[in-house]
Amino acid sequence: MSRIFRVLVLSVVKHNYIARGVALHPRFELVVVADDADQPDWVHQRNEKFAHEHGIPYVRNVEQAISDHDVQVAVVSSEAERHCELSVRAADAGLHVIQDKPMSNRLAECDRAVESMARNRVKFLMWNRNLMPAIVQARDVLASGEVGEPYAFHVDFYFAKDAGPPKGSRPSGEPPLDWLEALKAAHATGADGGVGQEPMGELSNEGCYPLAYLAMLLGKSVRRVFARTTAHFHQLHADNGVEDLASVTLECDGGIVGSLALGRIGAASHPDLGEIKLHLLGTKGALVISEPRPEVGIYYRGQSPEEFRHQRLLALDNDYLLADDFAHAIDTDGPTLLDAETSRAITATVAAAIESGRTGRVVEVT
């Protein structure tokens, strides 16, 4: 197929690497950035900057941008609480949707998006890391039957990023750190993954990635979870009542059990993006998968503290392959790698884990 898809960048205040990743593929062309006129100045400033960098217009009216620019695909990367609203509006206009994670911080919004994608017969992809080489190789090994039937797993997913001052480092009596203002300030370092009006802990911010691995590799639904959560590292999380560290035990269909440990552990804790590793146990053998591999270590005098010392060699390939998968799904009317229904299930698992961490009880995933 050779059709070129014209892309609306529908807010780009969070992760502009998604729109950049889509633009790497020759079948996608960024043609316009849009958002609602009533958004605050900082939102318009980020949108305008991205539009200027790519030589495309910025329109402060979503519906006008859709009608005036003959677009077929929307890339949504707004604040998390606006994800599904913008995705639904795009789908209702007949656009296919690529969306930033998490799907939403409200399950009711996820349900709206699932219904809209189905009713309008459009494709949905939540951006993910499932096509990193190590994950693809693990999928192929599992499909071959070499390790037998999987029955247990563990995932470490630690982001080595800071979030302002360490917990306990601020003088007593100071007012709590403002979530949105802190995340806006973190934008320059790329550490603003939870940007938005509502504070968002690391289960919401990171949990979709390892759960997406498991959805692809195992194909099983999570039925119940038990979690322990805390704000261990960062004052920002402690002040806003959200976790920066979590452990989760999961029970899945087919009797599969597993565990997940994740968190935002600070830039000084690791020379790379963080410790990201999967352990899968099968009836014939086991797999240990290090997601960042292959990688190369780069060290030199005067190196910026924000620069990752270990570079993943094929990270851009993941972006290209995700876009390629999405184009193929549109061409063939086939499934995407991480569709709306699976994304909703992942969000439900995260919501159950957050509730379990808050209450100390086992929680059913609904």
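The values are calculated or read from the model by the stated rules, or taken from the named source; none is laboratory data. Source: prediction; values computed, not measured. Heads up, the Cβs are rebuilt from the backbone with ideal geometry, glycines too, and the neighbour counts pull from every protein chain shown.
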Scan segment 226-241 and give yes if some residue there is buried (at least 18 other Cβ atoms within 10 Å of the Cβ), at pLDDT below 95 and of a type outside the set (A, V, I, L, M), otherwise no.
-> no
Within segment 83-100, the count of residues that are farther than 22 Å from Gly334 by Cβ, in contact with a strand residue (DSSP E or B) (Cβ under 7 Å, 6 or more places away or on another chain) and either of a type in the set (Lys, Arg) or in a helix (DSSP H, G or I) (or both) comes to 2
Residue satisfying all of: in segment 258-308; among the small types (Gly, Ala, Ser), more than 25 Å from Ala188 (Cβ to Cβ) and more than 23 Å from the chain's Cα centre (by Cα); surrounded by the most Cβ atoms within 10 Å (Cβ to Cβ) among these = Gly282
Pairs where the first residue, in segment 98-124, is outside the structural domain of Val195 (by TED's automatic domain parsing) and within 26 Å of Glu29 (Cβ to Cβ) and the second is in a loop (DSSP other than H, G, I, E, B) and of a type in the set (Lys, Arg), C-beta under 9 Å, 6+ apart | Ile98/Lys123; Asp100/Lys14; Met117/Lys123
Long-range neighbours under 6 Å by Cβ, at least six apart or interchain, first residue touching a residue at least 60 places away in the same chain (Cβ under 8 Å) and part of a loop (DSSP other than H, G, I, E, B) within segment 184-208, second small (Gly, Ala, Ser) and surrounded by fewer than 20 Cβ atoms within 10 Å (Cβ to Cβ) | Asp192/Ala186
Evaluate the following for Ala152: is it modelled with pLDDT of 95 or more and not β-branched (Val, Ile, Thr)?
-> yes
Which residue pairs have Cβ atoms under 6 Å apart, sit 6 or more places apart or on different chains, and have a first residue in segment 317-329 that is crowded, with 18+ Cβ neighbours inside 10 Å and a second that is assigned to a helix (DSSP H, G or I)?
-> Asp319/Gly21; Ala323/Val22
Of the residues in segment 21-66 that are touching a residue at least 60 places away in the same chain (Cβ under 8 Å) and of a type in the set (D, E, K, R), the one that is farthest from Asn318 (Cα to Cα) is Arg46
Looking at (1) surrounded by 18 or more Cβ atoms within 10 Å (Cβ to Cβ); (2) in contact with an Asp or Glu (Cβ under 9 Å, 6 or more places away or on another chain); (3) at pLDDT below 95, which is the one condition that is false for Gln311?
-> (1)
Which residue out of Ala118, Ala65, Ala93, Ala80 is touching a helix residue (DSSP H, G or I) at 6+ places or on another chain (Cβ under 9 Å) and either of a type in the set (Phe, Trp, Tyr) or crowded, with 22+ Cβ neighbours inside 10 Å (or both)?
-> Ala80
Identify the residue in segment 314-358 that is at pLDDT below 95 and acidic (Asp, Glu) and, among all such residues, is farthest from Val22 (Cα to Cα).
-> Asp317
If we keep just the residues of segment 221-257 that are within 21 Å of the chain's Cα centre (by Cα) and part of a helix (DSSP H, G or I), which is farthest from Thr359 (Cα to Cα)?
-> Leu236
